[in-house]
1. Taking into account only those residues within the range 51-68 that are within 16 Å of the ligand (Cβ to nearest atom) and in a helix (DSSP H, G or I), which is nearest to H19 (Cα to Cα)?
2. Please work out which residue is farthest from the chain's Cα centre (by Cα), limiting yourself to the range 33-49 and to residues that are more than 16 Å from the ligand (Cβ to nearest atom) and open to solvent by less than 40 Å² (accessible area, probe 1.4 Å).
3. I'd like the full set of residues that are assigned to a helix (DSSP H, G or I) and of a type in the set (A, V, I, L, M), limited to the range 6-39.
4. Quick check on my filter: what residues within the range 125-140 are open to solvent by less than 10 Å² (accessible area, probe 1.4 Å) and touching a Pro at 6+ places or on another chain (Cβ under 7 Å)?
5. Could you please find all residues in the range 149-161 being surrounded by fewer than 20 Cβ atoms within 10 Å (Cβ to Cβ) and either small (G, A, S) or over 22 Å from H103 (Cβ atoms) (or both)?
6. Can you tell me which residue is least open to solvent (accessible area, probe 1.4 Å) among those in the range 162-178 that are assigned to a loop (DSSP other than H, G, I, E, B) and more than 16 Å from the ligand (Cβ to nearest atom)?
7. Restricting the search to the range 144-161, which residues are more than 16 Å from the ligand (Cβ to nearest atom) and farther than 17 Å from A76 by Cα?
8. Can we say Q122 is of a type in the set (S, T, N, Q), without any contact (Cβ under 8 Å) to a residue 60 or more places away in the chain, open to solvent by 50 Å² or more (accessible area, probe 1.4 Å) and over 15 Å from A80 (Cβ atoms)?
Amino acid sequence: MIRKIALEEHFLAPDLIPHWEPTVAGIPDAVAARLRRQLCDFDGERLEVMDKAGISKSILSLAGPGVQDEKDAGKAVRLAQSANDFLATQIARHPTRYGGFAHLAMQNPTAAADELERCVTQLGMQGAMIDGQTHGQYLDEPQFHVFWERAQALDVPIYLHPADPEVAYAGLRGQPKLKRATWEWTVETATHALRLVFAGTFEKFPGAKLILGHLGETLPYLLWRFDSRTQILYGLSEEMRHLPSFYIKRNISLTTSGMCSPEPLRCAVDGMGADSVMFSVDYPFEDTETARAFMDDTVLDEALRAKLAHGNAERLLKLV
Ligand code: MN
């Protein structure tokens, strides 16, 4: 069993439980209760599950949407700080087993940049996780330049986690089974990442680092098509001096969260490069044993397996 580091592993802070409850409104009570228990545990089951799967370290992040759905921006800023202080306390109790991604109130980009800096420089966190759009605002928009400037200066990655779009996609009308994790979140999150590419965010901030789950939300599969449409329809420009695939490969890394299938893994490694793909589970929403077996048993070159399981995360998150 190879040693693993996992990057999309969630928790709940007591103050943020009311923001999380609506996300389990439609699922059976027993499942919701299990998730709540697992998200709030730091000392028991979580560590046992990690040990059984060979996960030496989990980078913990708040289960979304957290404060990003808060209407009162001032309250969002305060609640994010309290969630980060809570996480730092838990990490301090198990410093070799846990790291952390900051939770940020993107309603106030300057406050989010300041909080990211506090979490990285004072609380020892490895970056931040952002749960999709914030009241319809996407991270490529000019008000977030202050945020990317700070993330680039701190040299930490931003994990773009799926979340609901502000307005439901018309194409899903009458097809509730396609909502959320089945398909809707893939479309929304891939679109968000592509906005950063096509708006020139990675041209303006060449050192910005984005992480996507689910083996890249289909992006590795579509690299050639993004480039070919750009060449045929638009050409290069001031805001995009290179083809889309250049920025996707340079600025984006992927995790295997919620994707335990060898074919898309091969596509991701071939398309993005062996240094850009990292193991993750998405605990407690995905089954850790399934993710472990996928990482341990998929036929892979052993040097590549070591990169995917822990080496790439250690380098990107500066864990060694
Ligand atoms: Mn997740």
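The values are calculated or read from the model by the stated rules, or taken from the named source; none is laboratory data. Since the structure is predicted, the reported quantities are computational estimates derived from the model, not experimental observations. Neighbour counts run over all protein chains shown; Cβ positions are idealised from the backbone, glycine included. Only protein heavy atoms, including side chains, enter the accessible area calculation; ligands, DNA and RNA are left aside. Shrake-Rupley method; radii C 1.70, N 1.55, O 1.52, S 1.80 Å.
1. Restricting to residues being within 16 Å of the ligand (Cβ to nearest atom) and in a helix (DSSP H, G or I), the top hit is G66.
2. It comes out as G44.
3. Those that are assigned to a helix (DSSP H, G or I) and of a type in the set (A, V, I, L, M): L16, I17, V24, A30, V31, A32, A33, L35, L39.
4. G127, D131, G132
5. Scanning the range 149-161 gives a single hit, A153.
6. Among those that are assigned to a loop (DSSP other than H, G, I, E, B) and more than 16 Å from the ligand (Cβ to nearest atom), it is P165.
7. Answer for the range 144-161, where residues must be more than 16 Å from the ligand (Cβ to nearest atom) and farther than 17 Å from A76 by Cα: H145, V146, W148, E149, R150, A151, Q152, A153, L154, D155, V156.
8. Taking the combined requirement at face value, the residue does not satisfy it.
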